[in-house]
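Each remark here refers to the structure printed beneath this line.
The values are calculated or read from the model by the stated rules, or taken from the named source; none is laboratory data. Keep in mind that this is a model prediction, so the values were computed, not measured. Positions of Cβ are backbone-derived with ideal geometry, glycine not excepted, and every protein chain shown enters the neighbour counts. These accessible areas exclude ligands, DNA and RNA; they are computed on the full protein's heavy atoms, side chains included. Shrake-Rupley method; radii C 1.70, N 1.55, O 1.52, S 1.80 Å.
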Amino acid sequence: MKCFMIKLIVCDLDGTLLNDRKQLDSQILPVLDALRKKHILFTLATGRNEAIARDYVDQLGIEIPYAADNGANIYCRHRLLQSESLQKKDSEWILTRLMEEGIPFTFFDQQCGYSFSSSKKLNEIRGLFSGRLKLKQVRENAVFADGDIYKLTLDSAEYPDIENLVREVTEKCPKIAFKRSEDSLYTITAAGTSKGQALKSIAGALKIELCDVLSIGDNFNDIAMFEISGHSVAMGNSDSLVKQSADEVTLSHNENGVSQYLIRKLLNSKEELWTS
């Protein structure tokens with residue numbers, strides 16, 4: 001079996017390190033302590049905004065760069081290191097187009113979040129911001145000209161023609177990335193931004209080769225990490241396409257799948273993945 005010199009682990013949050021109750025994998029803290037003794041670094045790449053990821057960053061004791069907003073922003077110790085936002089003309093056209101179609105969405109700039117219409121999935125996301133980040137309602141036909149939008153999330157559940165809309169928007173605005181995130185949710189970010197690109201930036205800053213990186217995730221936005229990391233692991237609760245994109249599959253997020261994999265493969269005396 002092929003061996004890898006794992007020096008960095010980049011892990012997703014929701015559906016991966018967090019269970020259905022949004023609680024951390026119950027074994028991850030002692031596992032991270034053991035990994036640090038082996039000089040293996042651990043960080044996050046999440047679709048969450050920094051405002052709702054920071055508590056987990058602190059709980060995990062992460063002192064190296066981590067990615068938020070599907071890679072649009074990279075932070076270290078809650079300080080913004082790198083940010084990619086949509087061009088103003090693109091963001092204004094996209095917002096107008098989505099409002100014309102009545103598609104619910106949420107987006108962020110560096111000051112607060114904004115929302116238009118509602119859906120069950122987006123309301124769950126918006127609920128995470130309570131007490132952490134101010135949310136403003138966007139009214140139909142509103143013109144948004146202030147701030148820089150670095151991530152927009154829309155719910156296509158009630159919109160049957162999403163693939164045609166994706167083509168239309170990307171043709172009109174070639175400097176954006178319009179991708180499926182999970183289930184009926186899609187995200188729009190600046191072109192070139194993804195969890196994969198964020199992983200590459202973080203590894204580069206740490207002077208770690210991509211072949212020495214292990215990525216762990218559960219959803220479509222994690223595939224970009226799987227494609228460039230030396231080894232990849234999908235959660236047992238992942239969609240079949242996500243599982244097919246990874247090198248291995250572990251237990252689900254409700255079964256401590258991350259810590260169980262790391263214990264078995266990195267902390268066992270007969271480990272198949274190792275560091276020097």
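Only residues that are over 23 Å from the mean Cα position of the chain (by Cα), at pLDDT 80 or above and open to solvent by 30 Å² or more (accessible area, probe 1.4 Å): list them for region 137-157, please.
Keep residues of region 137-157 that are over 23 Å from the mean Cα position of the chain (by Cα), which gives 137-146.
Narrowing the set further to residues that are at pLDDT 80 or above leaves 137-138.
Across region 137-157, the qualifying residue is only GLN137.
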Worksheet item: From the residues in region 48-80 that are in contact with a Pro (Cβ under 9 Å, 6 or more places away or on another chain) and crowded, with 20+ Cβ neighbours inside 10 Å, which one is nearest to VAL169 (Cα to Cα)?
Response: ILE74
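Do you know which residues across region 182-205 are polar (S, T, N, Q) and surrounded by fewer than 18 Cβ atoms within 10 Å (Cβ to Cβ)? First the steps, then the outcome.
Going residue by residue through region 182-205, those that are polar (S, T, N, Q) are 184, 187, 189, 193-194, 197, 201.
SER184, SER201, listed by residue number.
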Practice prompt. Tell me which residues, restricted to region 228-237, are open to solvent by 20 Å² or more (accessible area, probe 1.4 Å) and either of a type in the set (Val, Ile, Thr) or not assigned by the TED database to the domain that holds LEU251 (or both).
Written response: ILE228
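Of SER115, SER83, SER91, which residue is buried (at least 21 other Cβ atoms within 10 Å of the Cβ) and either basic (Lys, Arg) or modelled with pLDDT under 95 (or both)? Give the steps one after another, and end with the answer.
Details: SER115 fails: buried (at least 21 other Cβ atoms within 10 Å of the Cβ); SER83 fails: buried (at least 21 other Cβ atoms within 10 Å of the Cβ).
Answer to the selection: SER91.
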Worksheet item: Exactly one of (1) surrounded by fewer than 20 Cβ atoms within 10 Å (Cβ to Cβ); (2) modelled with pLDDT under 95 is unmet by LEU273. Its number?
Response: (1)
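Please work out if GLU101 is among the charged types (D, E, K, R), in contact (Cβ under 8 Å) with a residue 40 or more places away in the chain, open to solvent by 20 Å² or more (accessible area, probe 1.4 Å) and farther than 21 Å from GLY192 by Cβ.
Yes: the conditions hold for GLU101.
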Discussion item. Exactly one of these conditions fails for GLY127: (1) in contact (Cβ under 8 Å) with a residue 12 or more places away in the chain; (2) open to solvent by 10 Å² or more (accessible area, probe 1.4 Å); (3) not hydroxyl-bearing (Ser, Thr, Tyr). Give me its number.
Written reply: (1)
Worksheet item: For region 164-218, list the strands (runs of 3 or more DSSP E) that sit wholly inside it and hold at least 3 residues that are at pLDDT 95 or above and over 23 Å from ASP90 (Cα atoms); which are they?
Response: 213-217
Worksheet item: So which residues in region 80-100 are more than 22 Å from the chain's Cα centre (by Cα) and under 11 Å from ALA190 (Cβ atoms), if there are any at all?
Response: ASP90
Worksheet item: For region 238-258, what are the residues that are touching a strand residue (DSSP E or B) at 6+ places or on another chain (Cβ under 9 Å) and open to solvent by 50 Å² or more (accessible area, probe 1.4 Å)?
Response: ASP239, LYS243, GLN244, ASP247, VAL249
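Of these, GLY47, GLY15, which one is within 17 Å of the chain's Cα centre (by Cα) and modelled with pLDDT under 95? Reasoning before the result, please.
Values: GLY15 fails: modelled with pLDDT under 95.
Going through GLY47, GLY15 in turn, the sole match is GLY47.
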Item to complete: Collect the residues in region 148-167 that are acidic (Asp, Glu) and free of Cβ contacts under 8 Å to residues at least 24 places away in the same chain, keeping them in residue-number order.
Response: ASP161, GLU163
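Counting only residues that are farther than 11 Å from SER245 by Cα and among the aliphatic types (A, V, I, L, M), which one in region 206-227 is surrounded by the most Cβ atoms within 10 Å (Cβ to Cβ)? Reasoning before the result, please.
Start the filter on region 206-227 by keeping residues that are farther than 11 Å from SER245 by Cα, which leaves 206-216, 221.
Restricting the remaining residues to those that are among the aliphatic types (A, V, I, L, M) gives 206, 208, 210, 213-214, 216.
Working: LEU206: 15, ILE208: 17, LEU210: 15, VAL213: 25, LEU214: 26, ILE216: 28.
Filtering first and then ranking leaves ILE216.
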